[in-house]
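> Submitted below is the structure of interest, expressed as structure tokens.
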Amino acid sequence: MAETWEARIAPEQVEAYRRDGFTWFPRVTTDEELEWLRGVYDRLFAERCGEEYGHYFDLGGPRGHDGAAVLPQILGPENHVPALRDTLYFRNALRIASVLLGVPDDRIQGGGHMILKPAHYGRETPWHQDEAYWPPETIPTSLSVWLPLDEATVESGCMQFIPGSHTSPVVPHRHIDDDPTVHGLVTDGVDARAAVACPLPAGGATVHHCRTLHYAGPNTSEHPRRAYILVMNGPAVPAERPDARPWLDEERVALGSAG
Ligand code: NI
């Protein structure tokens, strides 16, 4: 792997992030590193890495079901492969987060997850805000960097965003299929006509604020859509009046009674 390679962060990208709640970068890593990342990624999914700890599960199906995973996800792959923290991708994501969040990089904690959308996968990742997954007691200073390891097109399920939605509070969400044992969340009533799709070359990245409404379509292409996402968290502040997020309680109850 190359020792250093810095993604360029242009003033227009900072401006777009502040105004729209998202921006994108044509490159956040090198071809050489991308090839290494693909190998690690495929191995982790083949091994169903961390399944015994709940780090590998199907985002699109009920927890613990034993059929083929439709939308497999791996949480915290860096805990299994520590070299992932030492990549150009990780370092560039940290630099980008530091600039966009306005927080020194030594006050940012980063962690990843990998979502594999198989070829001809017929379901979308429905509209949601990432913050809806998190407890309401703190207000995060957080963004996600979304790196596709394969070209991401509208047909393969690239990211789509609602510009300006990061300025709204967390809106009501529910579990996909109204099944609280499905981890994935959806919010209703998004006007998709306002959506901006962000196709990307492999090795590029979108960056979005934790409140930005986003969506990814089904993968109708004949290639898997491999994505490696890094969530970068600056210091959170306590919420004075935490909002109700009943969907989180429903999931806790459903998994508790199932387990
Ligand atoms: Ni998301």
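Only the coordinates and a few stated rules stand behind these numbers; no lab work does. All of these numbers come straight from a predicted model, not from anything done at the bench. Here the Cβ is made from the backbone with ideal geometry for all residues, glycine too, and neighbour counts use every protein chain on show.
> Taking +1 at the Cβ of each Lys and Arg and -1 at the Cβ of each Asp and Glu, which of PRO77, PRO135, GLY21 sits farthest along the dipole of the chain towards its positive end, judged by Cα position relative to the Cα centre?
Checked the options; the winner is GLY21.
> Moving to a separate point now. How high is the relative contact order of the chain, in percent, with contacts defined as C-alpha pairs under 8 Å that are six or more residues apart? Could you put the intermediate results ahead of the total?
Values: 551 pairs, mean separation 74.3, N = 259.
Taking the mean separation of contacting Cα pairs over the length of the chain, I get 29 percent.
> Could I ask something else about it? For every helix of n ≥ 4 consecutive DSSP H residues, a contribution of -39,500 (n - 2.57) applies; sum these over the chain, divide by its total residues, and give [θ] at 222 nm rounded to the nearest 500 deg cm²/dmol.
When only DSSP H runs of four or more count, the value is -6500 deg cm²/dmol.
> If you don't mind, there's one more thing I want to ask. Between THR167 and ARG43, what FRET efficiency follows from the Cβ-Cβ distance if R0 is 41 Å, with the result rounded to 0.05?
Details: r = 40 Å, r/R0 = 0.99.
Taking R0 as 41 Å, the efficiency between THR167 and ARG43 is 0.50.
> Right, next: Cα-based Rg of the chain per 2.2 N^0.38 Å, rounded to two decimals?
0.96
> If you plug each phi of region 161-176 into the Karplus form 6.51 cos²θ - 1.76 cosθ + 1.60 with θ = phi - 60°, what whole-Hz ³J(HN,Hα) values come out, in order, with x for Gly and Pro?
Values per residue, Gly and Pro as x: 9, 9, x, x, 5, 5, 8, 8, x, 5, 8, x, 10, 9, 6, 3 Hz.
> List the residues whose amide H sits under 5 Å from the amide H of TRP134, counting only those 5 or more places along or on another chain, with H placed 1.01 Å from N in the peptide plane.
none
> Build a GNM of the chain with springs between Cα atoms under 10 Å: which of GLU222, GLU35, GLU240 gets the top mean-square fluctuation?
GLU240
> State to the nearest 20 debye the size of the charge dipole of the chain about its Cα centre, where the only charges are +1 on K and R beta carbons and -1 on D and E beta carbons. Working shown, then result.
Values: 22 positive and 37 negative charges, 85 e Å.
With only Lys, Arg, Asp and Glu charged at Cβ, the dipole is about 400 debye.
> What does the extension gain come out to for ALA83 and GLU35, with contour length at 0.36 nm per residue minus their alpha carbon separation? The partial results should precede the final answer.
Values: separation 48, 0.36 × 48 = 17.28 nm, distance 1.43 nm.
That works out to 15.8 nm of additional length.
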